[in-house]
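The values are calculated or read from the model by the stated rules, or taken from the named source; none is laboratory data. All figures in this text were calculated on a predicted structure; none of them were measured in a lab. In this analysis, Cβ positions are derived from the backbone assuming ideal geometry, glycine residues included, and neighbour counts consider all displayed protein chains.
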Amino acid sequence: MAEHRTHANSVKRSSERVPLTVPARITWKDTSGAVRFASVVTRDVSDAGVFVECEAGAAIPLYRLVHLQVERGVGLNHQLPSSLREGRVLSAVWRVGPCRRSTGTPSGYALRFLVDPQVSAALTAAPRRLEAVAV
């Protein structure tokens, strides 16, 4: 009898995922070079990436580079990784969700942040020093 392994048991994550629903926007360039955008909602967030649900828009290919930015006012949420609180984050489409029957487009995308989470954490934890400069 074959052993059944669940996704949760077979994948080691570099950082813990937190269920968090916030509105955001992704932008990318399509194959012709035109800038595209879509409104999305986050579902799971970690220091390494995020899964976003996308209600409408064109399908985004696997491994496409995108910029993710949470909507204004949401960036103050302390559950967000520091990289998302600071502004746009360059990400790669890491996994494409199943397509909806009604639209034929994917229901969501797993995005991997192209930011080193250890460097990001170190920057957040490091105290900021202000130095006076003589003029």
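Among residues belonging to segment 105-128 that are assigned to a loop (DSSP other than H, G, I, E, B) and under 13 Å from CYS54 (Cα atoms), point out the one that is modelled with the lowest pLDDT.
So in segment 105-128, the residues assigned to a loop (DSSP other than H, G, I, E, B) come out as 105, 107, 114-116, 126-128.
Cutting the leftovers down to under 13 Å from CYS54 (Cα atoms) gives us 105, 107.
Working: THR105: 87, SER107: 90.
In this case the residue turns out to be THR105.
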Query raised in the report: Being in contact with an Asp or Glu (Cβ under 7 Å, 6 or more places away or on another chain) and modelled with pLDDT under 95, is that true of even one residue in segment 82-97?
Result: no
Query raised in the report: SER102 versus (1) in a loop (DSSP other than H, G, I, E, B); (2) buried (at least 17 other Cβ atoms within 10 Å of the Cβ); (3) small (Gly, Ala, Ser): which is the lone unmet condition?
Result: (2)
Query - Scan of segment 25-66 for residues that are buried (at least 18 other Cβ atoms within 10 Å of the Cβ) and in a strand (DSSP E or B), ordered by number - result: ILE26, TRP28, ALA38, VAL40, THR42, VAL45, GLY49, VAL50, PHE51, VAL52, CYS54, VAL66
